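Have a look at the structure below before the remarks.
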Amino acid sequence: MTIEFPVDGNREVAVRVGMKVDFSTPLYKGEERLSTRIEVTNTLSVHPKEIFTFLKKNVGDIVQKGELLAQKKSFFSTHNVISDSSGEITEIDHIDGVVLIESEVDTRTETCWFTGEVSSVTKGHISLKIGKHITAHAEHISDMFGGEVWFIKDDQGEVPLYPVACASLISSYEQAKMEAMGVRGLITSTSKNEVIQFPVAKLKDFSVLEQVKQKQLSYCATQPQHSTIIFYSL
């Protein structure tokens with residue numbers, strides 16, 4: 001059995017066919033280029049055409065944050081220009097008197113909300129091989145989320161590492177507990193008026209969770225585009 005999840009078609013995904021992913025696997029490739037503009041001649045109060053006279057670095061040089069870029073000495077004082085970022089000097093502009101530094105920024109903060117073996121990857125979707133499963137219909141899903149099924153009312157010992165809480169009703173205490181634990185979402189049967197700091201899915205038939213328990217389905221993932229929640233095993 002395979003299940004399909006939508007992904008951002010404008011971003012390059014980090015997963016490949018045949019790869020086994022889990023909730024800690026980065027979903028998208030995360031290195032981006034950030035350009036920093038440093039006003040050298042304005043800082044030194046000199047004409048832009050004089051920038052090369054005072055620079056300590058050249059195009060292609062790698063600089064570290066806090067490193068000296070340029071310096072102007074006089075009999076009474078010394079004025080320095082310090083790099084406020086790390087990266088490579090890609091341009092020295094003698095018209096505006098600036099130095100451009102490009103840095104690689106790691107933005108790999110978004111991880112998979114599903115686990116299993118990837119069977120296909122297209123521009124806008126990822127298909128995943130799963131084992132046993134149940135499809136449950138939802139009245140409302142606030143966002144895509146998924147993780148390990150956690151019945152918050154049950155005494156099950158350790159809480160999963162990537163929990164999705166399941167409860168028909170939750171108290172204010174339980175809500176605060178879930179927020180402190182960083183749950184990935186809540187599957188419930190009721191609407192709450194107060195603000196909840198994580199995604200919520202409202203089931204049409206909460207009794208489906210009894211089947212989830214019986215079949216020992218450990219994972220779940222929402223499909224807002226279909227108004228469904230998939231409970232599954234590997």
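The values are calculated or read from the model by the stated rules, or taken from the named source; none is laboratory data. This structure is a prediction, so every number in the text was calculated from the model and none was measured. FYI the Cβ positions are ideal-geometry reconstructions off the backbone, even for glycines, and counts take in every protein chain you see.
What to note about this one:
- The residue pairs whose first member lies in the range 57-70 and is farther than 15 Å from I82 by Cβ, whose second member is surrounded by 13 or more Cβ atoms within 10 Å (Cβ to Cβ) and of a type outside the set (A, V, I, L, M), and whose beta carbons are closer than 7 Å, counting only pairs six or more residues apart or on different chains, are V59/T90; G60/E88; I62/E88.
- Between V159, V149, the distinction of being of a type in the set (A, V, I, L, M, F, W, C) and modelled with pLDDT under 90 belongs to V159 only.
- Scan of the range 213-224 for residues that are in contact with a strand residue (DSSP E or B) (Cβ under 6 Å, 6 or more places away or on another chain) and either farther than 23 Å from D22 by Cβ or surrounded by 22 or more Cβ atoms within 10 Å (Cβ to Cβ) (or both), ordered by number: Y219, C220, A221, T222
- Candidates are the residues of the range 1-35 that are of a type in the set (S, T, N, Q) and either at pLDDT 90 or above or farther than 30 Å from E91 by Cα (or both); the one that is surrounded by the fewest Cβ atoms within 10 Å (Cβ to Cβ) is S24.
- When residues of the range 179-194 are limited to those that are modelled with pLDDT of 80 or more, under 16 Å from F206 (Cα atoms) and not small (G, A, S), the one surrounded by the fewest Cβ atoms within 10 Å (Cβ to Cβ): T188
- Among the residues listed as T109, T135, the single one being among the hydroxyl-bearing types (S, T, Y), in a loop (DSSP other than H, G, I, E, B) and within 30 Å of M19 (Cβ to Cβ): T109
- Each residue in the range 36-47 was checked for being loosely packed, with under 13 Cβ neighbours inside 10 Å and in contact with a helix residue (DSSP H, G or I) (Cβ under 7 Å, 6 or more places away or on another chain), and 1 pass.
- Selection status of V81, modelled with pLDDT of 85 or more, in a loop (DSSP other than H, G, I, E, B) and buried (at least 17 other Cβ atoms within 10 Å of the Cβ): no
- Of the residues making up the range 226-234, one or more are at pLDDT 85 or above, surrounded by fewer than 17 Cβ atoms within 10 Å (Cβ to Cβ), hydrophobic (A, V, I, L, M, F, W, C) and not assigned by TED's automatic domain parsing to the domain that holds V118.
- Residues being assigned to a loop (DSSP other than H, G, I, E, B) and either within 28 Å of V183 (Cβ to Cβ) or not hydroxyl-bearing (S, T, Y) (or both) - total across the range 9-56: 20
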